[in-house]
Amino acid sequence: MDHAVPQKKEVLNVKGLSAGYGPMRVIHDLDLIVYSGERVGLVGLNGHGKSSLFLGIAGLTGWQRGSIKLNGVEVGRTRSQGPGRYTHQVVRQGLALIPQGDEIFTGLTVEEHLDSGAFTPRAWRERAERKEHVLKIFPPLRKLMKTAVGRLSGGERRMVSIGRGLMAEASLFLVDEPSLGLAPKIGKGVLDALMSVELGQSAMIIAEQNVALLEGRVDRVIGMHVGKLKGEASASLTFQTRREH
Amino acid sequence: MNWSFVIANAITLACIYGTLAIGISITWSSLGLINMAYGFIFALSGYGAWLAAQYISANGFVVMGAGILTGAIGGMLVCALAFIPIHDKPNFTVRGMIATLAVSLVGNQALLWYFGPRAKSLPPLFGSSQTSIFGVVMTADKIGAVVSSVVLLSAVLLWMRSSRRGLEIRAMMMNPHAAAIVGIGVRRTGFYVMALTGGLAGLASVLLSQTYYVGPFSGITPMVKGLSVALCGGLGSVFGAVIAAALLGINEAMTSVVFGGQYVLITQFALIILILLIRPRGIAGILDKAREA
């Protein structure tokens, strides 16, 4: 490479992804490319496949087919059952999924919880520094480290859930509805924290209902409608329908 | 009535049943599998210990180690046969029960075919001395049973608290879906869990064989008791299982003294039904501090 500026590379390249649950098809032949250093907003109505897209990338939908390349490595497959059977392989390739509704381990302490997010051997070795890093982003967690997560408030749980995702040695962060179910002020704080995460060579997709919260703070916004990506706009939210290329 | 005898028996039984129940409880809550082959693993490890005593050495540590090792291997065998092929198919709970039951039936018959119906007895592992603790006369095998099960269970629980694999198992016990999300592989953890719980069954088998015999079907009753202790304590709770084991151990020892041994199962199930009528989620329902997700 002849220039010092890091090359913009494809972190995620999804081609022809279809996914669903049983007889129901939720994602319809979806294509999506996300580049390194990008923060992408994914907006759309409830039940139009935002979460399913994330779960599909992680291999957690009921069935799926189509190509998913994570850092150039193929992690997509055609399967008719077995949700989660291959998820650990996808995670090892550098995916951190921060699921909707937290999906926390109620009995673990905050500290154990963060540890559980450090899945790859390297992340596990560096977990002390990584925890420090997460605590810098979410200072309120510092004094809760020994508390069982089941006893935390909704906002604190969300912080733990996001922190667990940030512990991973990931190049793609999928954040599903970070402000869901939180008081507006707290939701905004959580989103501010997400925006403050330095991405470096990694990328982040944030699914969000509240478009105003994303305005001007993500690199582009993609709309999702009935299982397909519908429009793309820069962060200024001047929506234009993208022509097929 | 000889109270010290009752107390000594109650403690010993509580330790052995607790070991079994914790194994069943961990399997259920982390893998969602009711392991009906637990009795088979129990009997198999009894034979493993017996073979070691016959052909290697009758040293207590060797026999116990062989029992635990056979149990762990048996657990992994059950995992490979009855968990790996079906764990992500629909209706896994029922299928898993049927599959492990099938493994249990086939395995028990295989043991019967290979070793014959005659019961084997293990050599005494802990000698035959007697000591008196606070006026309670404890024979060496009872002390050995209590000490070894407490030591091994504490080691297992400590390992689950402090190690990375233990963290993975506990994470899976609390939320399997989230465990998949953070990258914990269900199949690999399945092998860990089954080897661990199989080892616990092996320990219980060796300890119980100090009083009873090793036979092809010797695992059935302990499994039923272990399962009911686990249910009574609240499936998935280790601490609940310990309390339930203590209660049922006292009950069993008391019943055999007051009414006679043949009434043990009757009073035991009456007690379990009573507890589950009052606390449908088992004893652990009281202990559960963290609210549900």
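None of the figures in this text is laboratory data; all of them are computed from the coordinates on show. Since we're looking at a predicted model, the values are computed, not measured. Counting neighbours? That spans all protein chains shown, and the Cβs are built from the backbone with ideal geometry, glycine included.
With Cβ to Cβ distances under 13 Å as the rule, what net charge do the other residues near B:Ile169 carry (K, R +1; D, E -1)?
Net charge around B:Ile169: +3.
For B:Leu112, what is the net charge nearby, where nearby means another residue's Cβ is under 14 Å from its Cβ and Lys, Arg count +1, Asp, Glu -1?
Residues close to B:Leu112 contribute a combined charge of +2.
Across the stretch B:113-167, what fraction of all alpha-carbon pairs, as a whole percent, falls in each successive 10 Å bin from zero upward?
19, 27, 25, 25, 4
Which value, to two decimals, describes the C-alpha radius of gyration of the stretch B:35-128 once divided by 2.2 N^0.38 Å?
1.23
Let me have the relative contact order for chain B, percent, based on Cα pairs under 8 Å that are six or more residues apart.
36 percent
In whole percent, what relative contact order does the stretch B:131-230 give with Cα contacts below 8 Å and a gap of six or more residues?
Relative contact order of the stretch B:131-230: 18 percent.
Got a sec to turn the phi values of the stretch A:42-51 into Karplus ³J(HN,Hα) couplings, 6.51 cos²θ - 1.76 cosθ + 1.60 with θ = phi - 60°, whole Hz, x for Gly and Pro?
Listing the rounded values in order: 10, 10, x, 6, 4, x, 10, x, 5, 5 Hz.
Let a ≥ b ≥ c be the square roots of the eigenvalues of the Cα gyration tensor of chain B; is it rounded (a/c under 1.5), or, if not, prolate (a/b larger than b/c) or oblate?
oblate
Could you name the lysines whose alpha carbon sits less than 20 Å from that of A:Lys8, not counting residues in the same chain fewer than 8 places away?
A:Lys69
Determine which aspartates and glutamates satisfy two conditions relative to A:Lys9: a Cα distance under 12 Å, and not lying fewer than 8 residues away in the same chain.
In chain and number order, the partners are A:Glu38.
Let me check I've understood the local charge: for B:Ile22, count other residues with C-beta under 15 angstrom from its C-beta, Lys and Arg +1, Asp and Glu -1. What total comes out?
Around B:Ile22, the charge tally is +3.
Excluding residues on the same chain fewer than 8 positions from A:Lys136, give the lysines whose Cα lies under 21 Å from its Cα.
A:Lys146, A:Lys185, A:Lys188
So for A:Met195, B:Met160, fewest C-beta neighbours within 10 Å to most, what's the order?
A:Met195, B:Met160
Sorted by average packing, counted as other Cβ atoms within 10 angstrom per residue and highest first, what order do A:202-211, B:119-128, A:110-119, B:96-105 take? Walk me through the intermediate numbers first.
Details: A:202-211: 20.8, B:119-128: 16.4, A:110-119: 24.2, B:96-105: 18.7.
Top of the packing list down: A:110-119, A:202-211, B:96-105, B:119-128.
Ignore the peptide's own chain and count Cβ atoms of other chains within 10 Å of each Cβ in A:155-164; give me the average, rounded. Could you put the intermediate results ahead of the total?
Values: counts 0, 0, 1, 0, 0, 0, 2, 0, 0, 3.
What the average comes to for A:155-164 is 1.
Using only helices, what value at 222 nm comes out for chain A when you add -39,500 (n - 2.57) per DSSP H run of length 4 or more and divide by the total residues, to the nearest 500 deg cm²/dmol? Let's see the in-between values first.
Numbers: 8 runs with 70 residues, N = 245.
Rounded to the nearest 500, it is -8000 deg cm²/dmol.
Semi-axes of the equivalent ellipsoid for the stretch B:1-80, please: Cα gyration tensor eigenvalues, times 5, square-rooted, ordered largest first, whole Å.
In descending order the semi-axes read 25, 22, 8 Å.
Ignore the peptide's own chain and count Cβ atoms of other chains within 10 Å of each Cβ in B:166-173; give me the average, rounded.
So the per-residue partner count for this stretch is 3.
Taking just the C-alpha trace of the protein assembly as shown, give me its Rg and Dmax in Å.
For the protein assembly as shown, the Cα-based Rg and Dmax read 27.2, 92 Å.
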